[in-house]
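The values are calculated or read from the model by the stated rules, or taken from the named source; none is laboratory data. It should be emphasised that the depicted structure is a prediction, and the values quoted were computed from it without experimental measurement. Neighbour counts run over all protein chains shown; Cβ positions are idealised from the backbone, glycine included.
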Amino acid sequence: MTATRLLKGGTIVLAAAVWLVAAALLWRTRVPADLNLPRLDASAYFSASQLHRAARYSSGVRALFLLGAVVELIVLTILALLGRRLARGFALGEIGAGVMIGVAVSLFVTLTTLPVGLLGLWWDRRYGISRQEYWSFVLGQWGGVLGQTATVAIVLAVVMSLARRFPRGWWAIVAPIFVLVGAVFVVVGGVLAPIGTQPIRDARVAPVVERLKQREGVPHTKIRVDKVSNETRAVKKGFGWGLLFIVPLTFLLAEATRRRGGLHRAEVVPFALLVVFVLSLLTRPLQNVVSRRYESEADWMALQATRDPVAGREAFRSFTRIDLSQPNPPGWSYVLLDDHPSVLQRIAMTRAWAAKGALRSRTAPRPTRAGRSRAGS
């Protein structure tokens, strides 16, 4: 028993060390390590009325997020307690019953959180953020139900089958599968992305883009233009981070469900969905830290490419003036909810970039008198 515990402890320590090394390698970005963002006062960039309006709107958004999370947590907890009764209602075998229970739980959560979504739309409409009609919102929600139902059914069928075949080690098989499937979706999305796009036709924009491509060292990159709405989808990078998150979380899910009899049992499915939701909430701050890190790099690379901190500063100011993003949100909200740097931090980066450029100009070697004479001859 002692040797087994030592082996298990050593394995955990080794896994933690590998995780930290991988995280340290992935943490590196192109943002200079010595970059210091200046402390800014929001009142220097926004009027008192703009700050007040953004604060009120953002407070409502945060309250709605917390309300939705509480509703979903209560619903999942109740369904987890009723897991055994639900399983007895489906005479389809363990896996069949588990899939049906998972689909039913997913649909019920969607139904119970729909009023919170409608309340959020009302809040957005009140502040002019959205003009979407309520019926359009409802149809849009239910339009994704089919895909959500299919996803839940497929994932549960695969996971429960592996959990029955490998009761203790199924998580080590499932985690890489999830990452691989995500990679496939991104690759397919990249292949399909050019469909419906067109070349740059604006005579004023085309030469600017060509100069930008030359400056960035990607002269052969094809630039296409796409029509987008006010709801855009961003393809997130970092499959390495995905693997670092998914593997330990899947292990924790396996350990939690094993204590309830194993995820191959239908009655455990609601509890498993509850565990997944709780883990997603607990790891959200860490995921936000990683996301903010890469979004900061994107801002820095945009400044490096455009070399126009004034334009960048005005763009970031519009996030508060138009989108009502609070420039300096409360600490707890920043940690729990924000996956981008705050508006004030992004403005500070434009200041830091400009200051760094000015420092480079002052410290650059000046040509000698002889050099100037040769250049003029």
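With respect to VAL71, is the statement that it is assigned to a helix (DSSP H, G or I), surrounded by 11 or more Cβ atoms within 10 Å (Cβ to Cβ) and out of contact with any Gly (no Cβ under 7 Å at 6 or more places or on another chain) true?
Here the answer is yes, as VAL71 does meet what is asked.
Looking only at segment 93-115, count how many residues are surrounded by 17 or more Cβ atoms within 10 Å (Cβ to Cβ) and among the hydrophobic types (A, V, I, L, M, F, W, C).
Adding up the residues that qualify gives 9.
Each row is one residue, and each column tells you yes or no for (1) touching a Ser or Thr at 6+ places or on another chain (Cβ under 6 Å); (2) at pLDDT 90 or above.
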{"site": "TRP241", "(1), (2)": "no, no"}
{"site": "SER280", "(1), (2)": "no, yes"}
{"site": "ASN288", "(1), (2)": "no, yes"}
{"site": "LEU303", "(1), (2)": "no, yes"}
{"site": "ARG313", "(1), (2)": "yes, yes"}
{"site": "ARG321", "(1), (2)": "no, yes"}
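Output the number of residues of segment 124-163 satisfying the condition of being in a helix (DSSP H, G or I), surrounded by fewer than 14 Cβ atoms within 10 Å (Cβ to Cβ) and basic (Lys, Arg).
Residues flagged as in a helix (DSSP H, G or I), surrounded by fewer than 14 Cβ atoms within 10 Å (Cβ to Cβ) and basic (Lys, Arg) within segment 124-163 amount to 1.
Given (1) in a helix (DSSP H, G or I); (2) closer than 30 Å to VAL269 by Cα; (3) of a type outside the set (A, V, I, L, M), where does PHE90 come up short, assuming only one miss?
Only one criterion is unmet by PHE90, namely (1).
Checking GLN345 against (1) out of contact with any Leu (no Cβ under 9 Å at 6 or more places or on another chain); (2) part of a helix (DSSP H, G or I): exactly one of these is not met. Which one?
The one condition GLN345 does not meet is (1).
Could you check, for segment 274-286, whether at least one of its residues is among the basic types (Lys, Arg) and either buried (at least 17 other Cβ atoms within 10 Å of the Cβ) or more than 27 Å from SER342 (Cβ to Cβ) (or both)?
no
Looking only at segment 46-67, decide whether some residue is within 26 Å of PRO248 (Cβ to Cβ) and outside any helix (DSSP H, G or I).
No, segment 46-67 contains no residue that is within 26 Å of PRO248 (Cβ to Cβ) and outside any helix (DSSP H, G or I).
Taking segment 78-92 on its own, how many of its residues are loosely packed, with under 12 Cβ neighbours inside 10 Å and in contact (Cβ under 8 Å) with a residue 24 or more places away in the chain?
So the count comes out to 0.
Run down SER136, SER161, SER130 and say which single residue is farther than 25 Å from ALA266 by Cβ and more than 23 Å from the chain's Cα centre (by Cα).
Working: SER161 fails: farther than 25 Å from ALA266 by Cβ; SER130 fails: more than 23 Å from the chain's Cα centre (by Cα).
On inspection, the qualifying residue turns out to be SER136.
Any chance segment 81-93 includes a residue that's more than 30 Å from LEU162 (Cα to Cα), of a type in the set (A, V, I, L, M) and in contact with a helix residue (DSSP H, G or I) (Cβ under 7 Å, 6 or more places away or on another chain)?
Looking for residues that are more than 30 Å from LEU162 (Cα to Cα), of a type in the set (A, V, I, L, M) and in contact with a helix residue (DSSP H, G or I) (Cβ under 7 Å, 6 or more places away or on another chain), one finds none in segment 81-93, hence no.
Given the residues ARG30, ARG39, which is the only one that is outside any helix (DSSP H, G or I), within 21 Å of the chain's Cα centre (by Cα) and of a type outside the set (Val, Ile, Thr)?
After applying the criteria, what remains is ARG30.
Suppose we filter segment 164-176 for residues that are assigned to a helix (DSSP H, G or I) and surrounded by 15 or more Cβ atoms within 10 Å (Cβ to Cβ); how many remain? Give the steps one after another, and end with the answer.
Initial filter on segment 164-176 (assigned to a helix (DSSP H, G or I)): 164-165, 170-176.
Imposing the further condition that a residue be surrounded by 15 or more Cβ atoms within 10 Å (Cβ to Cβ) reduces the set to 164, 170-171, 173-175.
Of the residues in segment 164-176, 6 are assigned to a helix (DSSP H, G or I) and surrounded by 15 or more Cβ atoms within 10 Å (Cβ to Cβ).
From the list LEU139, LEU192, LEU146, which residue is within 30 Å of GLY60 (Cβ to Cβ), of a type in the set (A, V, I, L, M) and at pLDDT below 90?
Answer to the selection: LEU139.
Out of everything in segment 115-136 that is touching a residue at least 40 places away in the same chain (Cβ under 8 Å) and aliphatic (A, V, I, L, M), what residue ends up being nearest to LEU51 (Cα to Cα)?
This residue is ILE129.
With the checklist (1) among the hydroxyl-bearing types (Ser, Thr, Tyr); (2) surrounded by 14 or more Cβ atoms within 10 Å (Cβ to Cβ); (3) under 27 Å from ARG30 (Cα atoms) in hand, flag the one item THR250 doesn't pass.
(3)
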